[in-house]
1. What are the residues in region B:151-184 that are in a loop (DSSP other than H, G, I, E, B), crowded, with 19+ Cβ neighbours inside 10 Å and at pLDDT below 90, if any?
2. Please verify whether region A:218-231 includes one or more residues that are buried (at least 19 other Cβ atoms within 10 Å of the Cβ) and more than 9 Å from every other protein chain (Cβ to nearest Cβ).
3. Which of the residues spanning region A:345-390 are at pLDDT 85 or above, over 24 Å from residue A:315 (Cα atoms) and over 37 Å from the mean Cα position of the chain (by Cα)?
4. Looking at B:49, B:3, which one is under 19 Å from residue B:69 (Cα atoms), away from chain A (no Cβ under 14 Å) and crowded, with 19+ Cβ neighbours inside 10 Å?
5. When you look at residue A:291, is it modelled with pLDDT of 90 or more and in the same structural domain as residue A:377 (by TED's automatic domain parsing), yes or no?
6. Return the pairs, sorted by first residue and then second, in which the second residue is surrounded by 14 or more Cβ atoms within 10 Å (Cβ to Cβ) and outside any loop (DSSP other than H, G, I, E, B), the first residue lies in region A:237-252 and is more than 7 Å from every other protein chain (Cβ to nearest Cβ), the beta carbons are less than 6 Å apart, and the residues are 6+ apart or on different chains.
7. Consider region A:253-270. How many of its residues are in contact (Cβ under 8 Å) with a residue 40 or more places away in the chain and either more than 7 Å from chain B (Cβ to nearest Cβ) or closer than 16 Å to residue B:220 by Cα (or both)?
């Protein structure tokens, strides 16, 4: 739920309750006022009646006709003594409405020429009931229009006032740390939004800069490591030429050389990764994948032969990919070499090019629990100590660079990597 | 042969020049742009190795001047950058080869010899190693003028051995020379053994024993019959 909708709903609810309460309050106040007014009226009438009786002391006192608003009864002395003047609400039958309607009645007593009388004067309360109805209706109307107004306001604010906020949000949603251009955040006259945008702009810039530095650092470090490694490798190459080398020395030298070569390969792989991440393989061209896959399979035939592997190449469709030719060659080579390295002797490898994907499937030695982690850096599945754990990470980097989708599945006893282009 | 090595890293400059001297060349070194420029202006060389990133200037400018003043001098770019742009620019300016760092000395040796062969013998592309003759233009091999049929990889292997005779070549150098850049994985180089076995077989069928021996498991050495 949007913040604005929520705040509107809450305020609408509060207003709704407040208005209902105020409706009751107004009704209570008004009805109190009306009752006071009516009571006053009744008192007035009482005085009128008593005055007219006093004015004509000799006229006989009798029960008035039908059309009057009061009743007179003679009562016993005991009843007279018990009767206290009071007002009360009573229902009375109304001829027009044909139903009982609430009335206000003043009950009082007086003595005229030694006779005890009870006087009851009544007045219709209909006005008050109508008034309550009117109040309730108008309160309802006010509530309804306020609700409509607040939702209209909500909509309008969403459209106008919050526009910079939503614009910022949509930019942030698509923001990636390695994007080339900075965010273009909207300007706003609202203090909070301006501050938010400034903070976001600052934060993204700082992060982008840190990311750039880090990427540059890896590349520079790899470059710097290259020279001493090259010198060390050249020295071992020169040392093994010596005819005076003892077997023990040669073994030590062999081990030294292996480690240096491993270090060198690691360094080159890191350099390649950072170059891919730094997008230093700019030029793209149309790469014929079928040709590339076939060429790579041919090229590594010797390895398959050496390990006694059976390699099968199935090409169904032509796939042209717009990418750096060099990187595509690295991608295909890494996939095929990965399969060649990890297939047990005597196993089979099936390379299939079809429906805009390349699938490489090989006999697996065991099932892996989380095969997708193999795309991570320095993740090794193999028992071969030689593996750097960067081959598939490079594949993943290249896929990320061009928006390809790599996946690993394990259909019974086999291991399959598929790249969807 | 007289070579000039333009390389600003003293350690690298030292090992490469020592190696080139051990191969019977006269090798001079320059470690700054200024030095390189002066030496090229004063002396003539058979082949110049140029590092592109130099203190004081870009190696490409030196290459340009070299090819203007001494078009007969061979030039190899050795660059740590391994960028396609530099490679194309260098070859455009007349560089004869481009070797990305780090490289094996055996590889450098093979490249230099190939250039010197072309430069010195006016395009003669024949390489004689004992009874064996390699026509590097036609990529064919003869023993006693009898052609030996080799596939591309076998030929590449043989050429590296022939240009580095009596030297131990590391297995990794052989693998990289024939199968290209191994940037991302470290393999066991066992497969080289079977490749060499095939190569020997080709020659023994023609009645020639190719003397390639393994040395302490580090590499292989070709000792021709001369």
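The values are calculated or read from the model by the stated rules, or taken from the named source; none is laboratory data. Only a predicted model underlies this, so the values are computations on that prediction, with no experimental measurement involved. Neighbour counts are summed over all protein chains in view; Cβ atoms, including those assigned to glycine, are modelled from backbone coordinates with ideal geometry.
1. B:182, B:183, B:184
2. Checked region A:218-231: at least one residue is buried (at least 19 other Cβ atoms within 10 Å of the Cβ) and more than 9 Å from every other protein chain (Cβ to nearest Cβ).
3. Passing the criteria: only A:345.
4. Among B:49, B:3, only B:3 is under 19 Å from residue B:69 (Cα atoms), away from chain A (no Cβ under 14 Å) and crowded, with 19+ Cβ neighbours inside 10 Å.
5. Against the criterion (modelled with pLDDT of 90 or more and in the same structural domain as residue A:377 (by TED's automatic domain parsing)), residue A:291 qualifies.
6. So the pair list comes out as A:239/A:253.
7. Selection size over region A:253-270: 3.
So that you can scan it fast, the table gives a plain yes or no per residue for (1) assigned by TED's automatic domain parsing to the domain that holds residue A:42; (2) surrounded by 13 or more Cβ atoms within 10 Å (Cβ to Cβ); (3) farther than 30 Å from residue A:130 by Cα:
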| residue | (1), (2), (3) |
| --- | --- |
| A:53 | yes, yes, yes |
| A:68 | yes, no, no |
| A:84 | yes, no, yes |
| A:91 | yes, no, no |
| A:95 | yes, no, no |
| A:100 | yes, no, no |
